[in-house]
């Protein structure tokens, strides 16, 4: 299946055990694909607001 000019085999080739190709982080089309297929589909819970009470706080 071709998704936004990338096929699943190409995307899979960017990920190896213990290693991820840098384009996973820098390719704007892959970013758009993630936004469309992951983040626009459903809520992605990462923590509770009480865990980040102040601006700039983060959860590890």
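The values are calculated or read from the model by the stated rules, or taken from the named source; none is laboratory data. Computed from a prediction, not measured in an experiment: that's the story for all the values here. Note: ideal-geometry Cβ built from the backbone for every residue, glycine included; neighbour counts use all protein chains shown.
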Problem - segment 1-14 residues that are farther than 12 Å from residue 30 by Cβ, paired with ones that are modelled with pLDDT under 85 and surrounded by fewer than 12 Cβ atoms within 10 Å (Cβ to Cβ) (beta carbon under 8 Å, 6 or more apart) - result: 7/1; 8/1
Handout entry: One residue from 11, 59, 24 being in contact with a helix residue (DSSP H, G or I) (Cβ under 9 Å, 6 or more places away or on another chain), part of a loop (DSSP other than H, G, I, E, B) and at negative phi
Key = 59
Handout entry: Neighbours by Cβ (under 7 Å, 6+ apart or cross-chain): first from segment 30-50, closer than 22 Å to residue 15 by Cβ; second in a helix (DSSP H, G or I) and modelled with pLDDT of 90 or more
Key = 30/23; 30/24
Completion exercise
Of (1) under 28 Å from residue 57 (Cα atoms); (2) touching a helix residue (DSSP H, G or I) at 6+ places or on another chain (Cβ under 8 Å); (3) at pLDDT below 90, residue 1 satisfies every one except (1)
